[in-house]
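The values are calculated or read from the model by the stated rules, or taken from the named source; none is laboratory data. Worth saying up front: this structure is predicted, and the values here are computed from it rather than measured. Backbone-built Cβ (ideal geometry, glycine too); neighbour counts: all protein chains shown.
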Amino acid sequence: MFTEDQKAILKNSGIDLRSLTEEQVDAIAARQIDETELTDNQLVEFLEIANALYRGGFQIISDAEYDFTFIAELRMRNPNHPFLDKVEPEAAFIGKTVELPVRMLSTEKAYTKKTIEQWGIRIQKAAKKINKDFEALEFKVTPKLDGFAAYDDGEHLYTRGDGRRGTDISRVFDRGLSVANDGKRGLGPGEIVVNRRYFDENLQPYFENPRNFQTSVIKEKELEEHAEKAIRDKASVFFPFALLPVWVGTWQELIGDFDAIILKIRSSVEYDVDGVILEITDDEVKKGMGATRHHHSWQIAYKENLEAAHVKVIAVLPQTSRSGRVNPVAKVEPTRLSGALVQRATAHHYKMVHDKGIGPGAIIELTRSGEVIPKIGAVITPVEAEIPKECPSCGSEVVMDGDYLYCPNNIGCPAQIANAMEHFFKMLRHVDLFGSATIERMYENGIRSVPGIYKLGAKEFENMGFGPKQSENLVDQLNRSRAEKIEDWRFLTAFGVFRLGPGNCEKLLSHYHLNDVFNLNEEQIVSVEGFAKKTATIVIKGLKRVKPLFDELYALGFNLERTPLVEQTEKPLSPISGKQIVFTGSMTHGSRDDMEKEAKALGAKVGKSVTGKTNILVTGENVGASKMSDAKAKGVQILSEEDYLHLIAGDDEVAAVSGGPCGTGTAFR
C-alpha cells in the first residue's frame, strides 16, 4: 500500500489509479503478479507509477526491472507505443515551471560493445554527409551519474521535468548546496548527487537510498538535520556535466582501448554511476544527427555490468502467466549488485529447478550482465528441489510438458481467464471485433467468462466505453457467431483443453460425436491414432473441467457442422487417400476451407505449408512464389486446381499420372 509520501508524489505528478489498485501495484512490484498478465493500460500505468516514485525517492522496483522487465514487455507487445517515445519526467515539485534553455532528453542505452560500434557507424555516415573526416573527429566519455537531473542557468535551478519544461528548485542553493569541485553557477545541465561512502557511513540509517536523500534536499519542506549536515560537509552537491572527469580521443583510440577507458571513467567519481556517456563533440555532426523525441542521436549511454554474487535461496515461488505456464522465481537473501538491492532472480523453467537442485537453502551464483534482471548463473550448493503440484492461481493440478510446467485450467484460472476468453473467439473465426483490446476492456469491467459476454447487450457495451455503433456491431457479431455454420471440432478447440488443439479435436470427432467425447474413457481415447495414454489422461481431466462451461454455451444454439465419422466415410480408396495435400492461391471450385474439407473427406491429410512430407501442392490463382519454390526444391508434385479436380473425379489420364511416384514437380496441363 502507498505511504503518505508516495501518495503525495503521485498527486503532484498528476498520476491517478485508473486500471490498477494499490494492492495490485504492490503485488506487481513484489513480482506476485507477472507482467505478462497485465493489460496494456495496466502495464503503462504501472510504468508511470514506478517512474514517478523512483524519481521522487521512493522506488518500488529497480532500474533494471523497470528497463528489462516492464519496458521490455511493452516494447515486445507494441514497439511503437507512444509511452516508449516519452522522456520519463522527474517527479513534480511545487514551484514555478519554465521552458528549459536546452532540451534535456533521456539517453539512448547500449549494453554491448557491438551496439556502441553500430552507433559509431551512424556517426561515420553523418560525418560523411557533411564532408567531415571521421578519423579526425573527437569523442568524449564521461561518467553517467545516478542522481537527480537538473539545469542551472546561473540564476535558477530547474528540474528536468518532461525534457522541455522544468520546475524551479533554486531553493537548494539557498539551503547551501554547492557546485562540485568549487565550480561556478550557470554551467547548464547536471545532477544533484551524494557521496556514496558518506551516505553509507552517515545517512543510511535515516534514508532508504541515495535517491530518497536527494529528493529530501529538493522538497519544499524544511530540511532534516542530517541532510543539512551533508550539504554543509559538501557531501551532496550539484555536479554540472561540464565539470565531470572526461576522456577525449578519436574513434580508433576509443575502440582500441575500450574496456580500460570505460573502467577508468566509471571509477573516476565518488558518486553512484550507472555507466558512462559517449558523445561526439563536433557541433556540425551533432546538428546533422539531431534527436528523436526521446534522446539525442549523437549521444549514447553504455551500461555494462558483469557483477556476480553467491547468495542463499529462501524460496522458489511459482507464478502462473496468462498463457498458463507456471514460472519459477527464486526469492533470495537481499544482495546488492550494481548498486541495486536484489531479492529475486529468474529460473528459466521447472526442469532447470529440478535438474540443478534449486530450492530453499541452495547457494546460487547470481549474475547481472548488462544490467539485466538477475539470473541464476550456476548452482554452487544444490538441494532437493520441490516441484509444485498445484497452480498458485487456481489450485488445479499442474502438468509437466517438456521443460515447462503448465496449469491446464485455462477456463477457470484467474491468471488465464482473459487469455481464455480471447482464445474462444479467435477459434470461432469471423468474430473480428473480439480481439485482445476488446477482451481487456470487458475484463477490466468485471466480465470474467464467455457466457457473460453473450449476455451483454448494446447498452452494457456502451457503459464500458464502446461507441454506440461499435456496441451494435459487437452484439451483431455475437449473434452471427451462433447463426453461422462452424465445424464442431473448431467449437471444441475453442475451450482450450490442454492437448486438444485443432488437429486432435478433429481426430477425436472423426470417431465420436461431440456430445459423447465428455463420457469417453482412457481406452477409447487411446484407440484414436495420435493419442498416447498420458495424453488421454490429461484430456479426460480437461474435458471434465470444461463440461459445465461447454453445456452453458452449447445451449445457446451454435450452428455446428459435424465432422464426418470414419465409419461413414469409409469407401474405396480415392486417388488422394493417405496423401498430404497443401492448397495455395485463390480457388474457383469453392473456398479454400471447402476444398480442404473435401480433401479430408476423401482420406487426404491437409497441411498449411509445404514440408518434406507433402505429396501434392494444389495451385489456384495468385499463388505465392515461396510455396512454389519450396515444392520444387522438395520434389513435391504440383497440380493446378483444374487438374486436381480431374484427379479426384477419377480422370484416367491424371489419375494414371498421379498413381505414379509423387515428386515429379510437374503440373499436368
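Pairs are defined by a Cβ separation below 6 Å, a sequence spacing of at least 6 or placement on different chains, a first member in segment 584-610 that is on the phi > 0 side of the Ramachandran plot, and a second member that is loosely packed, with under 14 Cβ neighbours inside 10 Å and assigned to a strand (DSSP E or B); the pairs so defined are G585/E621. Contact map, segment 418-438: residues that are closer than 16 Å to E487 by Cβ paired with residues that are assigned to a loop (DSSP other than H, G, I, E, B), Cβ distance under 7 Å, separation 6+ or inter-chain. Pairs shown: F424/A494; F425/V431; F425/F434; M427/A494; L428/A494; H430/E484. Scanning segment 255-273 for residues that are within 18 Å of P189 (Cβ to Cβ) and surrounded by fewer than 19 Cβ atoms within 10 Å (Cβ to Cβ) gives a single hit, V269.
Okay, residues lined up against (1) buried (at least 19 other Cβ atoms within 10 Å of the Cβ); (2) under 30 Å from I453 (Cβ atoms); (3) touching a Phe, Trp or Tyr at 6+ places or on another chain (Cβ under 8 Å); (4) not assigned by TED's automatic domain parsing to the domain that holds L647:
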| residue | (1), (2), (3), (4) |
| --- | --- |
| E529 | no, no, no, yes |
| K544 | no, yes, yes, yes |
| F550 | yes, yes, yes, yes |
| L556 | no, yes, yes, yes |
| V566 | no, no, no, yes |
| H589 | no, no, no, no |
| K600 | no, no, no, no |
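Conditions (1) out of contact with any His (no Cβ under 6 Å at 6 or more places or on another chain); (2) crowded, with 18+ Cβ neighbours inside 10 Å; (3) among the polar types (S, T, N, Q); (4) modelled with pLDDT of 90 or more, marked per residue:
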site	(1), (2), (3), (4)
G249	yes, no, no, yes
E253	yes, no, no, yes
I277	yes, yes, no, yes
H295	yes, yes, no, no
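Only one entry of E108, E90, E135 meets the criterion of being in contact with a Lys or Arg (Cβ under 6 Å, 6 or more places away or on another chain) and either under 26 Å from E48 (Cα atoms) or modelled with pLDDT of 90 or more (or both), and that entry is E90. Does L428 meet the test of being at pLDDT 95 or above, assigned by TED's automatic domain parsing to the domain that holds Y512 and surrounded by 15 or more Cβ atoms within 10 Å (Cβ to Cβ)? So L428 fails the test. Scanning segment 1-48 for residues that are β-branched (V, I, T) and in contact with a Phe, Trp or Tyr (Cβ under 9 Å, 6 or more places away or on another chain) returns T3, I9, V25, I28, T39, V44. Counting only residues that are modelled with pLDDT under 85, in a loop (DSSP other than H, G, I, E, B) and surrounded by 17 or more Cβ atoms within 10 Å (Cβ to Cβ), segment 11-32 holds 2 of them. Within segment 160-182, the residues that satisfy the criterion of being touching a helix residue (DSSP H, G or I) at 6+ places or on another chain (Cβ under 7 Å) and more than 23 Å from P245 (Cα to Cα) are I169, V172, R175, G176. For segment 403-425, taking the residues that are of a type in the set (F, W, Y) and modelled with pLDDT of 90 or more, the one that is surrounded by the most Cβ atoms within 10 Å (Cβ to Cβ) is identified as F424. Can you spot a residue in segment 256-270 that is touching a Gly at 6+ places or on another chain (Cβ under 8 Å) and aromatic (F, W, Y)? No, that holds for no residue.
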